[in-house]
Amino acid sequence: MGKHLWIAAWAGMAALAVPEPGRAEAAPGPVPAASAARIEADVRFLADDLLEGRAAGTRGYDLAALYVATQYRQMGLEPAGDDGGYFERVPLLKGTLQREGSRFAITRAGKTTDFEFESQCLPGVNFFEGSADVTAPMVFVGQAVRAPELGHDDLAGVDVRGKIAVMLTNAPRQFPIDQRAFHSDSTGKRRELARLGAVGIITLDDPENEKKRPWVLDAPNWRQPVMRSLDAAGRPHDDFPEIRVRAVCSVAVADAFFAGSPHTAAEVYEMLEQGRLRSFDLAGTATLATRATLERIESHNVIGRLRGSDPRLAAEHVAFTAHLDHLGVGAPHGGDAIYNGAQDNAVGVATMLEAARQLADDAAKPKRSVLFVALTAEEMGLLGARQFVADPTVPLDSIVANVNMDMPLLIGDASDVVPIGLEHSTLEPVVRRAAAAAGLTLTPDPFPEEVIFIRSDQYEFVRAGIPAIYLLSGVKLRDGGDGVKGIAEFLAKRYHLPSDDVDQPIHWPGAARLAWLNHHIALEIANDPARPAWKTGDFFGERFGPAASTAAPAPPGR
Ligand SMILES: [Zn+2]
């Protein structure tokens, strides 16, 4: 999941959903201890140092994938990958940045300023050429958002041809929530800048992002590879050869960009706050040199199927997903360089496996078939989900809904659950019923403006027109504890760090309750005569649902 938005979502909740301290809620029926123990066992295996953080394309990931396939085989799920097996091939292009030869400098009035690699700026990987050198004028393009439906266009009347575009992240906070999510998507911005003739893009961080996730936390991980999935012609998905150079820069060097220009960095960030950014040429030229090695590799999604019992409905599928990959071995923190990814997302995978076990054990099989898809390369940009949706192992139109779990964050015994994306489709009453049966209340997404809905694998299903929900564990702790504080602590101290390991307190019975909830959501969807549908007039349903394909041409997405 994109890092900044997680932080914002939970940190912001701090002020919101805290139940009165000390008022314990009545506990529903006990979850089977065996269930919690099975989940714990799977997490302890998947998050063990021996799997070296399960980065896509590594031996650690392949061991985790074999483990998941073995679990599917043990519970009697059918193979639903390629060639009659459990594995679906995911071809990837791996890019590894090289410090040697990389450079970023600005020349103005004959004076050249070089920026420091890592501490100030980091070049991006050119997935077409590996190495590229560009010197060109710069133009500031705000957040590079084109939202004609909202009368907002950062690129109107701006000439970016042959220039390097300097942009900020996200979309205006003044936008309605769904539009903000949709237009925050950086791939759509890159596509449009490429179409308008830009030759490079520099993404400048902003004070709010810096506060949520300091530059110094992630910058040292520039050594870790980045990836693209490949289209049928073997070309990188969601990438544009016209954009020959890219870089990201810390907010600490913002002033250097705007010197000699109509506005200072401080003025620009103020305009950002107030939603009145404007685009303008920057003084001087930028020189960007990027160096990277490129390597074609292959990773795998792991797919099992529980065949449905109804002669007609068994041809349709409910797709459960949870990403299996994590960050691998990276910059050490406190001498530990293995990013174990216990909560992100070994817990999500283990909870999905437990829900599968329960469904496979049920005497009455669901009417529709249920797919269990452990996805690769989510941390690399939802690439496993992208491949599955682009080239599914079952007919795409047979998939009636997606239920995704990514870092459900089991920090305590919660009496609630947070279903992200509930409001968009007829999955809402289904989840309400299942939650009630599980003795859980529903807490609405406390920070809708962060729109986590587009930040994990379910968004690839949404973009394919399939209604989806994303389940997060709750924040209303039965012992009266402050769930939001616990989550904020996780994000500050463990998220995407080596300390997201099994030494942290993980509430295993809570995971078992979530597995039970997923079990019952699956049954509800699988046995419902009607397929889930987008709600009339829903933003995502209008853009990606069946109506979209007959109405307007596809909008500029990723
Ligand atoms: Zn994740």
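The values are calculated or read from the model by the stated rules, or taken from the named source; none is laboratory data. As the structure is a prediction and not an experimental result, all values here were calculated from the model. Virtual Cβ from ideal backbone geometry, glycine too; neighbours counted across all protein chains shown. Accessible surface is based on the protein model in full, side chains and every heavy atom, while ligands, DNA and RNA are left aside. Shrake-Rupley method; radii C 1.70, N 1.55, O 1.52, S 1.80 Å.
Annotations for the structure displayed:
- Average accessible surface area per residue within the range 36-85, 1.4 Å rolling probe, Å²: 46 Å²
- Taking amide H atoms as placed 1.01 Å from N in the peptide plane, the amide H of LEU282 lies under 5 Å from those of MET138, VAL139, PHE140, each 5 or more residues away in sequence or on another chain.
- Calculated SAXS-style log₁₀ I(q)/I(0) at q = 0.22 Å⁻¹ - the range 33-128, Debye, Cα scatterers: -1.17
- Span-rule helices in the chain, defined as complete DSSP H runs reaching 18 Å or more along the axis (Cα) with Kyte mean at least -0.5: 33-46, 59-75, 347-361, 508-527
- Modelled FRET efficiency - R0 45 Å, THR264 with GLU542, Cβ distances, 0.05 increments: 0.65
- When you count the other C-beta atoms within 10 angstrom of each residue and take the mean per peptide, 290-298, 321-329 line up highest first as 321-329, 290-298.
- Where only DSSP H runs of four or more residues are counted, the chain gives -8500 deg cm²/dmol as its mean residue ellipticity at 222 nm, each run worth -39500 (n - 2.57).
- Using equal-weight Cα scatterers in the Debye expression, the normalised intensity of the chain in log10 at q = 0.13 Å⁻¹ is -1.38.
- Pairs of Cα atoms farther than 31 Å apart, the range 99-290, %: 12 percent
- Antiparallel content of DSSP bridges confined to the chain, in %, to 5: 65 percent
- For the chain, with all protein chains in place and a probe radius of 1.4 Å, 55% of the accessible heavy-atom surface sits on carbon or sulfur.
- Inter-part distance, the range 61-76 to the range 300-367, computed on C-alpha centroids, equals 10 Å.
- Debye equation applied to the C-alpha atoms of the range 298-445, log10 I(q)/I(0) at 0.10, 0.11 Å⁻¹: -0.41, -0.49
- Annotation: the antiparallel percentage among DSSP beta bridges lying fully within the range 99-290 is about 65.
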